[in-house]
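Values quoted throughout were computed directly from the atomic coordinates according to the rules given, and no laboratory measurement underlies them. Bear in mind the structure is a predicted one, so any value in this text is a computation, not a measurement. Neighbour counts run over all protein chains shown; Cβ positions are idealised from the backbone, glycine included.
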2 protein chains.
Amino acid sequence: MDIERYFLETLQKSAITQGIGDDGVVLAHLPKNLVVVLDLFSEGVHFKRKWFSCEQIGYKALMVNISDVISMGAVPKYALLGVTLPKNITPAEMRALIKGIKRACLEFGVRVIGGDTIVGQTLSLSVSLLACCAKPLYRVGARKGDLIMHTGTLGSSYQALHTLLRGGKVSGHSKFYAPQLKACAHFMQEARSILHVGMDISDGLFAECNRLSKANRLAFKINNPLYPPHKRAFLSGEEYEMLLCLAPKHKLKAYRLAQKHRLKLRIIGRVQQGQSHYRPKIWHA
Amino acid sequence: MDIERYFLETLQKSAITQGIGDDGVVLAHLPKNLVVVLDLFSEGVHFKRKWFSCEQIGYKALMVNISDVISMGAVPKYALLGVTLPKNITPAEMRALIKGIKRACLEFGVRVIGGDTIVGQTLSLSVSLLACCAKPLYRVGARKGDLIMHTGTLGSSYQALHTLLRGGKVSGHSKFYAPQLKACAHFMQEARSILHVGMDISDGLFAECNRLSKANRLAFKINNPLYPPHKRAFLSGEEYEMLLCLAPKHKLKAYRLAQKHRLKLRIIGRVQQGQSHYRPKIWHA
């Protein structure tokens, strides 16, 4: 079987592609700002085949990138896929992989505009995503006194990974397999004008607060006593939740917008003078 | 050693990066047309480590993509790098890899605006390239009676691969290691207005003529009796030469422009009614 050809033909039949055929694709009438990201999603690094179905792999590979652009206040539009398929992949597995990619694309209105497919050792996806944006949100922009908030609840990805590593089973509905980003995307668009900083929580809250602290030259003090006191939630990576800063006067507006989109929003601390040095967990270093 | 961190820090010191730090990069003031490509360059598929130095790998990974956008009449601008580094890579090898990437970036004025680095089984690069373009050149657009031309000479990549597979040595100046694309890039820009079709010769002239035939629903008849009669030249892939169509009346202008940039240009046939079915060589299927 010609694996590359089968994959490409199945992808083209999926009706999520656009303009594949030339050496590259031409995008015209682009908006003022384009946000561009690239993330790898690789067997042995980000997932094990025995933990993930091919559909879950395809879906999550896209979501990792979609999460990045949403955190910058952008709307995902176009994807380029670099796919390395293992020699022993079956047609059913390739169809499942594309089914997962398609589900993510349809959910967020993304078109696959190009890419490259090869046969190699292990399954690996390189996704480049182009997103449109009126006013991008950056990691730098926090002000002294800002509230630090995050969407959703933290810790379940850590819990899922812990369970899988011990040989247990995790529900397919878990955020570990299926990041929930639709409500986040709506919220980020509508709340854009009151947000000072945005990033997604990929490596754990502690790690991200350290990054924000360094980038903003301010301390990101986590001090919410209501927060479940287990450290796991602060270390848990791959959370696909947004970490945000905004002025205290906009707290109510933020809560109202979150409620509108049935999104949890939690204040976890304040931006202060100083520097933060939390002890993060190092994931796949 | 933290391989990912060392690579990223060395890359940032190379002075070819721009805007790395947020989840994604924001591009503002883009031109009317953006050409986007993604190509993988992977150990065991596109190269063997014993044949290539890390510097040659970095350089060629970029050139594969630069060749694609040049063939569409576009000027390369921004690159996103997805890099999988093997566990046993040394700091010297990483520096060499970046040196090669940097050389290609400086040669064509490309900025590295983002990406992702992981440690995996084998060395693999996924390069996404964004290029600017006033009037893109496509594979479709050939007219009956058009001349078929290509830049440079064909066959040396096949020859190099053949030599390497037999245990021989190939000069580092060979196109196999160092595609020569600067003159091509200038020529393509200046000749844009007289070109009907453009693509780069990645899988051999026969394979590309079949593709153009299918896309244009016309025959691409190769009939230059002056051409060296060995079939290898027609099968040789990774040539990084441009395959072009233009009206016979513009032949002289094309030759003059080629001469100005010291570029070889060869007429190899004509576009006719019908269909072409050459027997191509299947490279890494």
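Structure data summary
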read-out: Calculated label separations, A:His186, copies of the chain, 7 Å along the beta-carbon direction, nm; value: 5.7
read-out: Cβ neighbours within 10 Å from other chains - mean over A:28-35; value: 5
read-out: FRET efficiency for B:Met1 and A:Arg279, using Cβ-Cβ distance with R0 set to 25 Å, rounded to 0.05; value: 0.75
read-out: Only Lys, Arg (+1) and Asp, Glu (-1) charged, at Cβ; the range B:1-152 dipole about Cα centre in debye; value: 520 debye
read-out: MRE, 222 nm, helices only [DSSP H, n ≥ 4, -39500 (n - 2.57), over chain A, to nearest 500]; value: -10000 deg cm²/dmol
read-out: Shape category assigned to the range B:157-219 from the gyration tensor of Cα positions, a/c cut at 1.5; value: oblate
read-out: For chain B, with +1 on Lys and Arg beta carbons and -1 on Asp and Glu, the positive-most of B:Asn216, B:His173, B:Ile148 along the dipole; value: B:Ile148
read-out: Projected label distance in nm at B:Ala28 and A:Gln259, using a 7 Å step from Cα toward the beta-carbon; value: 3.6 nm
read-out: Crossing angle, helix B:205-216 versus chain B [Cα axis fit, 0-90 degrees, rounded to tens]; value: 70 degrees
read-out: For residues of B:133-140, the mean tally of beta carbons on other chains within 10 Å; value: 3
read-out: Restraint check, A:Lys144/B:Lys13; B:Lys50/B:Lys221; A:Lys102/A:Lys169; A:Lys135/A:Lys251; A:Lys48/A:Lys135, Cα-Cα greater than 29 Å; value: A:Lys144/B:Lys13; B:Lys50/B:Lys221; A:Lys48/A:Lys135
read-out: Packing-based ranking, highest mean first, of A:184-194, B:127-137 given that Cβ atoms within 10 Å are counted; value: B:127-137, A:184-194
read-out: Prolate/oblate/rounded label for the range A:1-103 (Cα gyration tensor, a/c 1.5); value: oblate
read-out: Averaged over A:113-124, number of beta-carbon atoms from partner chains that fall within 10 Å; value: 6
read-out: Reach of A:Lys231 by Cα under 18 Å, taken over aspartates and glutamates that are not fewer than 8 positions away in the same chain; value: A:Asp203, A:Glu208, A:Glu239, A:Glu241
read-out: Dipole magnitude of the protein assembly as shown, debye to nearest 20 (Cβ charges: Lys/Arg +1, Asp/Glu -1, about Cα centre); value: 700 debye
read-out: Under 13 Å, Cβ to Cβ, from B:Lys144 - net charge with Lys/Arg +1 and Asp/Glu -1; value: +3
read-out: Protection proxy ranking, peptides B:149-162, A:255-268, A:35-48, A:73-86, average beta carbon neighbours within 10 Å, highest first; value: A:73-86, A:35-48, B:149-162, A:255-268
read-out: Counting DSSP beta bridges with both ends in chain A, the antiparallel % (nearest 5); value: 75 percent
read-out: Charge dipole (the range A:3-132, unit charges on Cβ, about Cα centre) - positive-most of A:Ala96, A:Leu11, A:His29; value: A:Ala96
read-out: Whether the range B:147-272 is rounded, prolate or oblate, judged on the alpha carbon gyration tensor where a/c under 1.5 counts as rounded; value: oblate
